[in-house]
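The structure appears right after this line, and notes come after that.
The values are calculated or read from the model by the stated rules, or taken from the named source; none is laboratory data. Note that the structure is a prediction, hence the values are computed from the model and not measured. In this analysis, Cβ positions are derived from the backbone assuming ideal geometry, glycine residues included, and neighbour counts consider all displayed protein chains. To get the accessible areas, we keep the full protein, side chains included, count just its heavy atoms, and leave off ligands, DNA and RNA. Shrake-Rupley method; radii C 1.70, N 1.55, O 1.52, S 1.80 Å.
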Amino acid sequence: MRVSGQEELLAARRESRGLYWAVGLFSFFANMLMLTGPLYMLQVYDRVLGSRSEATLVALSLLVVFLYGTMGILDYTRGRVMARVGARFQSRLDRRVFDAMLRRSAVAQDQSAQTGLADLESVQRLISSPVLMAAFDIPWTPIFLAGIMLFHPWLGMLAIAGGAVLILITFINQALSRKPQLQAASSAHRAGLISDETRTEAEMIRAMGMTNAAFARWQTARDASLVQSVSANDVSGTFTSMTKTLRLFLQSAMLGLGAYLVLQNELTPGAMIAGSILLGRALAPIELAIGQWALVTRARKGWSSLADLLDKVPPEQARTELPTPRAQLDVLGVTVVPPGDTRASLKSVSFRVEPGMALGVIGPSGSGKSTLARALTGVWRAAGGVIRLDGASLDQYDPNQLGRYIGYLPQRVQLFDGTIAQNIARLSAQPDAEKVVEAAKKAGAHNMIVELPDGYDTRVTTGGGRLSGGQMQRVGLARAMYDNPVILILDEPNSNLDNEGSMALNTAIRQMKDEGKAVLIMAHRPAAIQECDTLLMMEQGIVSAFGPKEEVLRKTVVNHQQITQNKAMGGVR
């Protein structure tokens, strides 16, 4: 039975149920000890001053020091416990949310996917914040108000009226500030995305004179974010100021009314001071909640977005690990509809790849070559038909296991912040040096890498850093060949390669074939398919030709003669 995203979040929260009960117990005693101040004032004003007993004052003061010290320890302890509850909640869901975000982002541009980890962190911050502990204190507000009522009914009615107004302000604050705060968060996120895009493409922006346009685009989003942030702060700040002003007024009003009742001999001076202190304690959790309402709103939005994300991306089912497969790939009537689209990019595609075979997939732009590559790697699931690797459908393989068997070089190579060795080793924190060097040599990148100042330990950034586009592509090819995959899928592999790089690519393809493995190449350029035995011609998502290379080229490619001449001469176009 599938568990909903909401149930997953609740289950993670329930794991700390015992700690919540412990915090509730600590809150019970901490709030009981909050009566220390009012009771101390009662004794000092009504007994010590009347009896003029210094010994009684010293004894009471020592007792108060002990009680306040105990209260401080309890308050500190519950704060530390809630910090660990928040950390446990986040730790429990980190991998689940990370996987869901990655899987969702791989197939769709989804807002909930892009902010998944930030949403989880916002919930964690709320759990660890003082505002959640205020939720344990708010149930004591009626008790404290009832205590004031015991001093005198008029004081009680004033306290209840003031508390009712504060609660009303809380609800109005929630209703009026929710939308501006969400809009401000959304605008800030958009401005951040534009900033990240600009930083990633800084070289192109500078080279093409796009600095002013890029700044104007970012500034528009940033200005919208600032305007909405100021608007949200104005709303929340208004209610925070109203709350603070009202609380201070109520405490003064309590003293004034208490003084009047003392003059009427209906109240003692100690009860007057105690009532004022007790009122401040009763209203403190409400004031804290109003002041921290932006945090509450963000966490509620984060909880909702997380539940939606986990609903859309169910947990991966545990799969029995299969043995290393042969390089036999069967594509049987596969239809693929890109996420968020309603039209199929691939329609009933069927072919077979045998061990030791290099298959070239050719066709005009938009014919479905990259879609086929994504389907063969398991990133996009087939809407119809099945893809089998050595007889087993791709969904029978664990995604991490499948990634070891099918190497993939995407059309646009993206490196990660780290060393070249870590990038080749697929972000392993402790790369296997032997496997890294072996993959680099197979990709013809070893000599290029060791000529760099720090060799394999050269640090690169997401944009490649000091590496050229061709060098990045060769590192990407080495990454695809890491850990000896049985099938290699290359999407436009020589788009940035020079003559040396293209020759190294062809050598790597020949070596894969000699080892009984298979290679699929999605290509436009003739040089990329020189080592291919078989060609698959795609047109508008449909296979228009499939067979031996010479036969398919003779039927479909005008420059067939030029390609065969290049191959005979060993030249590279």
Worksheet item: With labels modelled as points extended 7 Å from the Cα through the Cβ direction, what inter-label distance (nm, one decimal) is found for Ala118 paired with Ser231?
Response: 1.9
Practice prompt. Could you order His152, His446 by accessible surface area, starting with the largest, using a probe radius of 1.4 Å?
Written response: His446, His152
Worksheet entry | Stokes-Einstein diffusion coefficient of the range 258-327, Kirkwood radius over Cα pairs, 25 °C, 0.890 mPa s, in µm²/s | 135
Discussion item. Rounding to the nearest 10 and keeping the result within 0 to 90°, find how far the Cα-based axis of helix 560-569 lies from the longest principal axis of the chain.
Written reply: 80
Item to complete: Please give the contour-minus-distance gain from Gln430 to Glu316: 0.36 nm per residue of separation, less the Cα-Cα distance, rounded to one decimal in nm.
Response: 38.4 nm
Worksheet item: What percentage of all Cα-Cα pairs in the range 476-540 are separated by more than 15 Å?
Response: 48
Worksheet, complete the sentence: Spelling it out for Gly385: with amide H atoms placed in the peptide plane at 1.01 Å from N, the residues 5 or more places away or on another chain with amide H under 5 Å from its amide H are Thr335
Discussion item. Relative contact order of the range 457-551, please, whole-number percent, based on alpha carbon pairs below 8 angstrom and at least 6 residues apart.
Written reply: 21
Response to the item:
If one compares the long axis through the Cα atoms of helix 469-481 with the longest principal axis of the Cα atoms of the chain, the angle in degrees, nearest 10, works out at 90
Item to complete: Work the Kirkwood hydrodynamic radius out for the range 348-416: mean of 1/r over every pair of different alpha-carbon atoms, inverted, in Å.
Response: 13.6
Discussion item. Helix-only mean residue ellipticity at 222 nm, the chain, DSSP H runs n ≥ 4 weighted -39,500 (n - 2.57), per residue, nearest 500. What is it?
Written reply: -20500 deg cm²/dmol
Worksheet item: How far is helix 116-128 tilted, in degrees, relative to the longest principal axis of the Cα atoms in the chain, given as a value from 0 to 90 rounded to the nearest 10?
Response: 20
Worksheet item: Sorted from largest down, what three extents in whole angstroms do the Cα atoms of the range 191-269 have along their principal axes?
Response: 85, 17, 12
Worksheet item: For the range 310-395, what's the radius of gyration and Dmax over Cα atoms, in angstrom?
Response: 14.1, 42
Practice prompt. Mind grabbing the base-10 log of I(q)/I(0) for the range 392-461 at q = 0.15, 0.23, 0.26 Å⁻¹? Debye formula, identical points on the C-alpha positions, no solvent, two decimal places.
Written response: -0.56, -1.11, -1.29
Fill in: Diffusion constant of the range 103-183 at 25 °C, which comes from Stokes-Einstein with the Kirkwood Cα-pair radius and 0.890 mPa s, µm²/s
151
Fill in: Volume per residue that the Cα convex hull of the range 158-230 spans, once the total is divided by residue count, Å³
72
Worksheet entry | Mean Cβ count within 10 Å, highest first, over the residues of peptides 302-312, 341-351 | 302-312, 341-351
Worksheet item: Where nothing but the Cβ of Lys and Arg (+1) and of Asp and Glu (-1) is charged, how large is the charge dipole of the range 197-288 around its Cα centre, in debye to the nearest 20?
Response: 100
Worksheet item: To the nearest whole percent, what portion of all C-alpha pairs in the range 2-76 is separated by more than 15 angstrom?
Response: 66
Discussion item. Regarding the range 283-435, what's the average projected area of the Cα-atom convex hull, expressed in nm²?
Written reply: 15.1
Discussion item. Limiting things to C-alpha atoms, what are the Rg and the maximum Cα-Cα separation (Dmax) for the chain, in angstroms?
Written reply: 34.3, 117
Worksheet item: Which value, to two decimals, describes the C-alpha radius of gyration of the range 349-474 once divided by 2.2 N^0.38 Å?
Response: 1.22
Worksheet item: Whole-Å semi-axes of the range 418-519's equivalent ellipsoid, largest first, each the root of 5 times a Cα gyration tensor eigenvalue?
Response: 20, 16, 11
Worksheet, complete the sentence: Ratio for the range 178-329, C-alpha Rg to 2.2 N^0.38 Å, reads 1.90
Worksheet entry | Spin-label model distance (nm) - Thr461 vs Ala383, 7 Å beyond Cα toward Cβ | 4.0
Discussion item. Taking 51 Å as R0, compute the FRET efficiency from the Cβ-Cβ separation of Gln396 and Asn499 and round it to 0.05.
Written reply: 0.75
